[in-house]
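The values are calculated or read from the model by the stated rules, or taken from the named source; none is laboratory data. Just so it is clear, the structure is predicted and the values come from calculations on it, not from any experiment. Positions of Cβ are backbone-derived with ideal geometry, glycine not excepted, and every protein chain shown enters the neighbour counts. Just so you know, the surface numbers come from the protein's heavy atoms only, side chains and all, with ligands and any DNA or RNA stripped out. Shrake-Rupley method; radii C 1.70, N 1.55, O 1.52, S 1.80 Å.
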Amino acid sequence: MTDRETLLEVRNLKKHFKIGRKSIVKAVDDVSFDVFRGETFGLVGESGCGKTTCGKTILGLHKPTGGEVIYDGMDVHALDSDRKKDFTKIAQIVFQDPYSSLDPRMTVGDIIGEGMDIHHLCKDKGEREERVFDLLQTVGLNREHINRFPHEFSGGQRQRIGIARALAVEPEFIVCDEPISALDVSIQAQIVNLLMQLQREKQLTYLFITHNLAMIKYISDRVGVMYLGNLVELAGSKQLYEMPYHPYTQGLLSSVPVPDPRIERRKETAPLRGEIPTSINPPPGCRFASRCDYAREVCYEVMPPLIEIEDEHFVACHLMASP
Amino acid sequence: MVSRESFVNLSDEVFERVGVDPEFSEHLDKPSLTYWADVWRRFKQNKLAIFGLVLMVSILVMIFVGPLISGKNYKYMDSSVKNLRPNSEYWFGTDDMGRDIFTRVCYGGRISILIGFLCTIVMFVIGSTLGALAGLKGGWVDNLIMRFAEVIGNLPYLIIVVILTMVMGRSIFAIVLAMSITSWVGTCRMVRGQILQLKELDYIEAATALGADTARVIFKHLLPNALGIIMVDITMSIPGFIFGEAFLSYVGLGVRPPETSWGALASAGQQQLMFHPHVLFFPCLMIVLTTLAFHLVGDGLAEALDPKLRK
């Protein structure tokens with residue numbers, strides 16, 4: 001991990017949604033991180049913390065309220081329409097819900113082939129069909145599935161179709177938006193292993209969004225922890241799991257159940273209390289302050305900046321800044 | 001889930017990908033069907049819908065072929081055969097001027113169904129264009145179109161029709177215009193609702209993420225998915241327009257004699273209800289059967305098109 005190349009730079013990304021006249025949901029608020037080429041960057045957090053919005057804004061599916069996303073030297077949100085189309089060939093997304101992400105009126109062949117059609121990747125129908133067959137085999141489906149409709153498949157199979165659709169344009173960067181959260185545990189392993197194998201074969205870079213902490217530990221090289229639109233901790237996945245600094249990360253990790261009662265009883269950190277507050281018109285200061293056991297006055301007033309406290313380990317917490 | 005200790009030691013070897021061996025994977029016997037073949041398969045299973053379709057086709061055949069078989073002219077008056085009951089010569093009897101009712105019902109049917117189709121086309125074109133525009137664009141475009149639709153929808157229908165037929169004369173064009181000028185509002189709302197619902201779905205976003213432009217999203221994804229409900233709406237509104245035309249002709253605002261329609265025939269027959277009920281009976285029967293046929297087909301289509309009812 002020494003000479004690594006930055007593929008994606010997210011700089012102070014903000015995405016706010018207006019609801020009604022006065023209320024603003026700050027789904028993503030001032031998030032910055034880098035993704036290196038060939039790595040898996042995990043983004044974890046509770047439901048509604050802005051992970052998905054962050055991923056979709058990076059791909060340009062949402063217009064950001066502020067900040068910028070630089071992919072390989074180009075500003076994703078400042079591209080003209082032709083360059084934007086080219087960018088969709090480089091960066092793809094696998095969706096969370098395998099049921100709503102496939103058009104029910106299209107055959108699997110057309111769903112997978114759509115990207116090739118849009119980018120004119122195939123000369124004729126025969127080549128297109130061959131490539132769709134290849135992709136179907138890559139993701140572990142049959143050739144015969146090509147003329148089937150999505151409703152004829154199970155959730156896991158549909159997710160494979162979604163992955164094949166993303167792979168069809170031969171991207172180098174894929175946002176995996178909770179691709180396993182809607183699946184059974186046994187299928188989750190299959191899909192994750194598939195994604196990992198594809199990464200090795202095709203040198204892909206992943207932004208892996210999930211709330212499954214066990215999974216992210218296994219698959220990512222580095223992990224960013226999000227809380228209510230903010231990035232609170234960012235570290236290599238081993239570092240993060242061994243030595244979490246932010247109280248939220250500590251609480252989050254201690255809430256992972258361990259199927260061993262002795263370890264479970266010896267757990268030191270208290271699990272998180274209370275509910276995740278709403279991100280509508282959030283107060284100033286640290287977003288986590290209302291649930292934090294160590295919150296001090298300053299936590300309610302000033303937003304803590306993300307600082308590097310160890311090598312490659314960033315934390316946004318006042319406790320760490322001035323111990 | 002594994003215990004935390006062993007989970008730290010997970011290596012890549014533990015996670016071996018289980019591939020699919022084409023030799024042993026499931027074998028699919030069922031032939032693949034295209035979407036519309038599948039719809040037709042489910043439509044065929046619905047006996048009532050098939051009955052409706054057969055009825056609809058028979059009515060259309062009768063209307064277009066009937067006058068050729070009977071060999072009569074719908075305008076020809078024969079004073080020697082006034083008010084005959086149905087018999088082998090005059091299948092539906094004759095009216096008070098000695099005209100063959102069967103031939104007149106066939107000719108009237110052509111006008112009635114033509115008006116039904118024309119109104120539906122106008123309604124569909126205006127309604128779905130404005131509805132799709134409102135749903136897709138949103139914001140002030142949506143607001144403008146929907147407020148406009150509300151204003152149009154709140155105009156009293158009968159008054160519009162009376163004014164239009166007075167201004168433009170009692171032609172088919174005037175009737176079609178008068179009936180479709182207010183009726184597109186419902187289609188517009190329905191299409192807008194459909195588009196609003198569909199455009200939030202992930203597969204639309206997936207298409208955008210693949211680089212699809214707006215035209216592709218509309219024609220490849222939004223329209224095919226909204227088409228089912230639109231088609232049901234179309235089949236259901238044709239009988240509505242036939243009925244509306246019948247009503248207008250009945251109150252004397254419809255087509256002008258000697259042209260005729262089912263409504264005009266019913267209107268004429270009503271004056272002789274006491275002594276010659278068959279003059280009223282046959283046009284009414286045709287209206288009822290046509291309405292029934294279209295509704296049955298529409299219901300069958302709705303069922304066949306709804307993917308949630310798929311087995």
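A few remarks follow.
- Region A:152-194 - percent of accessible surface contributed by carbon and sulfur, probe 1.4 Å: 43
- Charge dipole (region A:278-323, unit charges on Cβ, about Cα centre) - positive-most of A:N281, A:I307, A:H318: A:N281
- Area hidden from solvent between B and A (accessible, protein heavy atoms only, 1.4 Å, total, Å²): 4100
- Computed on protein heavy atoms with a 1.4 Å probe, the accessible areas place B:K199, B:K75 in the order B:K75, B:K199, largest first.
- Selected from B:S171, B:S237, B:S80 as most flexible by GNM, with chain B as the system and alpha-carbon contacts under 10 Å: B:S80
- Cα-based shape type of the protein assembly as shown, given that a ≥ b ≥ c are square roots of the gyration tensor eigenvalues and the cut on a/c is 1.5: prolate
- Loop sites by DSSP among the trypsin sites (Lys or Arg not before Pro) of chain A, restricted to those with at most 15 other Cβ atoms within 10 angstrom, leave A:124-266 as the longest stretch without any of them.
- All alpha carbon pair distances within region A:6-321 were sorted into 10 Å bins beginning at 0; the resulting P(r) in whole percents reads 6, 25, 32, 23, 11, 3, 0.
- Direction-averaged projected area, Cα convex hull, region A:103-234: 9.0 nm², rounded to one decimal.
- Span-rule helices in chain B, defined as complete DSSP H runs reaching 30 Å or more along the axis (Cα) with Kyte mean at least -1.0: B:47-70, B:101-137, B:172-199, B:223-250, B:278-305
- Among B:W91, B:W262, B:W140, the order of accessible area from largest down is B:W140, B:W91, B:W262, computed with a 1.4 Å probe on protein heavy atoms.
- Length-normalised contact order for region B:84-223 - Cα pairs under 8 Å, 6+ apart - percent: 25
- Of all DSSP beta bridges in region A:6-321, antiparallel share, percent nearest 5: 60
- Taking a Cβ cut-off of under 10 Å around B:E89, the surrounding Lys, Arg, Asp and Glu residues balance to a net charge of 0, with basic ones at +1 and acidic ones at -1.
- Members of A:K89/B:K199; A:K14/A:K238; A:K84/B:K137; A:K26/A:K63; A:K51/A:K89 lying beyond 19 Å, as alpha-carbon distances in this model show: A:K89/B:K199; A:K14/A:K238; A:K84/B:K137; A:K51/A:K89
- Annotation: A:E301 carries an accessible surface of approximately 110 Å², with a 1.4 Å probe and no ligand, DNA or RNA atoms counted.
- Cβ charges +1 (Lys, Arg) and -1 (Asp, Glu), total dipole of region A:6-321, debye: 800
- Just the protein heavy atoms count here, and of the accessible area of chain B at 1.4 Å, carbon and sulfur take up 67 percent.
- Charge dipole of the protein assembly as shown (Cα centre as origin; +1 on each Lys and Arg Cβ, -1 on each Asp and Glu Cβ, all else neutral): 2740 debye, rounded to the nearest 20.
- Here the relative contact order of region A:6-321, from alpha carbon pairs under 8 Å that lie six or more residues apart, stands at 21 percent.
- Relative to the longest principal axis of the Cα atoms of chain A, helix A:81-90 runs at roughly 90 degrees.
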